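Structure first, commentary second.
The values are calculated or read from the model by the stated rules, or taken from the named source; none is laboratory data. Source: prediction; values computed, not measured. So basically every Cβ, Gly included, is an ideal-geometry build from the backbone, and we count neighbours across all protein chains shown. These accessible areas exclude ligands, DNA and RNA; they are computed on the full protein's heavy atoms, side chains included. Shrake-Rupley method; radii C 1.70, N 1.55, O 1.52, S 1.80 Å.
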Amino acid sequence: MSRITAGLVVLLFLTGYVNTGPGTTPHLKQIVIGRCYDYVTLVKPSSRYNCEEIWREFEEAVIRRDPCSVRVKDYRRMFRLTPQSLPCDKLLFWSKTRGLMHSYSAVTRRFLTLEDTLVGYIFNDLIWCGQEERDRGFDYNSCPEWSTCVNHPVYSLWKQASQNFATAACGNITVLLNGSIPNAFNRKSMFGSVELDNLNPRMVSFVNLKVVPNLEGPFVESCSQGSILDLIKILETRGFRWTCTDKDEYVPTVALMLMLTHLVLMQAADSFSSVWPLDTDDSPVCEEPKTVFL
């Protein structure tokens, strides 16, 4: 490697442009404030939150900072504006089962996930990072990958949200894990590194583990093998009472629903491409989506 090339690599590393991903989600402000208003008017009409102030404190935590130097405590003022009491016996934690988790929650209709809270609802699937230069605002071109920063702006927010969610847990809680992959329980995951450590054995009656494989397999881990045994050992060491099942009555229904949804989407995509071939100039022109504020 030449000295010029080596110097360029070092410069890119020092400026944080190694392993960059997509930039800040377009129209971030409109999405955040719009989702907040949706939550207080449609999801939880009895709640009272100042959506504009939540945005201002969020923005203040992120902009004019290096995108790898946004700490958990930088969001402290924003989280003070979003207090939320959570019910006992209803919290659902998950790791590497995102799609299944939402479907499982919808089918059973008895669980509350982090994404059902105000902060989770607002920031779900969004990306953001600021720019250290004064008055440059958010970076819409690129943001660093989570793996490149300890103090990533997205990770720091979700870490605090996950900690709050786990701290509030009481009664019976449920943990959904993927039985079709090795290391279904990973100590470095958000559940393994943040939520598990913030569960209180004096507040939580039972930790109910549900190990859920894909409908077609493979069947890699279960209550009696794999990393699930490591999780059970941690629970016992910390004084939690627990149950574990890898044969849940709702799982076939949920897995079938996910598979049917995938098939429907694939058929819709095929139908669209047959009507509007992508290699012609006759494709329909999509207008910019309009945001409606209630």
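So if I average 1/r over every pair of distinct C-alpha atoms in segment 17-147 and take the inverse, what Kirkwood radius in Å does that give?
About 16.3 Å for segment 17-147.
Tell me, what is the FRET efficiency for Arg71 and Ile234 to the nearest 0.05, using R0 = 25 angstrom and their Cβ-Cβ distance as r?
Approximately 0.40, to the nearest 0.05.
What are the chymotrypsin sites (Phe, Trp or Tyr not before Pro) within segment 143-227 that DSSP puts in a loop, where the Cβ has at most 13 other Cβ atoms within 10 Å? Can you show the working numbers first?
Details: sites: Trp146, Tyr155, Trp158, Phe165, Phe185, Phe191, Phe206, Phe219; in loops: Phe185, Phe219.
Answer by residue number: Phe219.
Pop the C-beta distance of Arg202 and Glu60 into the FRET formula with R0 = 30 Å and round what comes out to the nearest 0.05.
According to the calculation, E is roughly 0.25.
What fraction of the Cα pairs in segment 112-251, stated in percent, has a spacing above 28 angstrom? Present the calculation step by step, with values, prior to reporting the outcome.
On the way: 2850 of 9730 pairs.
Value for segment 112-251 (Cα pairs over 28 Å): 29 percent.
Could you work out what % of the accessible surface of segment 20-271 is carbon and sulfur, using a 1.4 angstrom probe and leaving DNA, RNA and ligands out of the count?
Ligands and nucleic acids excluded, carbon and sulfur reach 52 percent.
Once all Cα-Cα distances of segment 20-271 are split into 10 Å bins that start at 0, what whole-number percent is in each one?
7, 27, 32, 25, 8, 0
Against the 2.2 N^0.38 Å scaling, with N counting residues, where does segment 107-182 land? I'd like the Cα-based Rg ratio to two decimal places.
On the way: Rg = 16.2 Å, N = 76, 2.2 N^0.38 = 11.4 Å.
Normalised by 2.2 N^0.38 Å, the Cα Rg of segment 107-182 equals 1.42.
How large is the accessible surface per residue of segment 20-271, computed with a 1.4 Å probe and reported in Å² as a whole number?
Result: 51 Å² per residue.
Give the residue list of trypsin sites (Lys or Arg not before Pro) in segment 128-205 that are DSSP loop and have at most 16 other beta-carbon atoms within 10 angstrom.
Arg134, Arg136, Arg187, Lys188, Arg202
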